[in-house]
Amino acid sequence: MTALAPAGRGRARDPGLLGRAPGTALLRLALLAAIIAALGWLWIRSLGRALVTADTSTQSSRIRGRALPLARYGLRGAVAMRFWIYQRREPESLIFWGLTAVIMVAVSISSILGPVKHPALLLMSAVFAPPSSGFSTPTRSA
Amino acid sequence: MALAGRRGLRSYLSGQDIALGVIAIPLLTAISFGLAAVAGRPGYGFLGMAVDLAALGAALAMSKIFTVVLSYPMDKRAGSPMRQASQGYGSYGLGGVLGTVACVAVAAIPVIVALLLTNSDPSVVRLPVLVPCAAAASAAEDRLPELCQVAARSKL
């Protein structure tokens, strides 16, 4: 009985994750739910804009009656300005930029939450985020 | 948009780099500093920024190479606002992303080695040197497509 007592006491006292820190667990759940809700809202908003709004962007310069701001710098400036507009407008681009942030957080999450704050994981997130973004897709400029 | 010759293509790709860099540099820097702050090591934000810059330069360079070498058609299909690779080209996109990830991981090694070798140096000296050096490395990596072109045309 004495040999089993410590284990028994240990089992009886182990309240599980929720029992140990219900406030922290609920806070994490709430944070996760808020992130999911925010991403869902962004997704719905992007879809709504892409599917419902009339696409007049290809004629925007003509409608405004002036050239693109960087057009005086030649093809490079015109492409930069046009591509900037695409990045703001296309849901695909917004998703890729969001994905970049998610990948950085996901790669370094154990460094943030874990007991060992190893810098390598933070650096790994910096390595893997840029190539995972949308601009690594070759057809962006094809 | 019609591109007349090599110069036009170069200007086109550079224009894209400018637009992407304007978005990516502040975004990646902010995330790196945010993650470092949450992890309780704010100083790592500078290290993350240095690696960000190097990885960004390499990613942009590789995307240029893949754009020329591995370009493929895309189209918009009914029911989705996202463009998708045309039929028969599905593996091209995945190959481009995986190839870019692999090449960037290799290209970022010098910066990571520099971070490790200067680990014992004081941050006041280390960080102001590392971040500009990483930016310079990023700019140099942007010349990678031209170096590849020169290498491909060279006769051994």
Quiz item: How much length is gained on full extension from B:Ala105 to B:Arg83, taking 0.36 nm per residue of separation minus their Cα-Cα distance?
Solution: 5.2 nm
Quiz item: Can you give the mean number of other chain Cβ atoms that lie within 10 Å of the Cβ atoms in peptide B:83-91?
Solution: 1
Self-check item: Per-residue average of Cβ from other chains inside 10 Å of A:82-91
Solution: 4
Self-check item: Spin-label model distance (nm) - B:Ser120 vs A:Arg88, 7 Å beyond Cα toward Cβ
Solution: 5.1 nm
Exercise. For segment B:31-44, just list the computed ³J(HN,Hα) in residue order, Karplus coefficients 6.51, -1.76 and 1.60, θ = phi - 60°, integers in Hz, with x standing in for Gly and Pro.
Key: 5, 4, 5, x, 5, 5, 5, 5, 6, x, 10, x, x, 5
Quiz prompt | Separation in nanometres of the label points that stand 7 Å from Cα toward Cβ, at B:Cys148 and B:Ser91 | solution = 1.9 nm
Practice problem: Using R₀ = 45 Å, calculate the FRET efficiency as 1/(1 + (r/R₀)^6) where r is the Cβ-Cβ separation of A:Ile95 and B:Lys155; round to 0.05. | Solution: 0.50
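Throughout, read-outs are computed from the coordinates displayed, never taken from laboratory work. The structure presented is a predicted model; accordingly, all values stated were derived computationally and were not measured. Here Cβ is always computed from backbone atoms with ideal geometry, including for glycine, and neighbour counts include all displayed protein chains.
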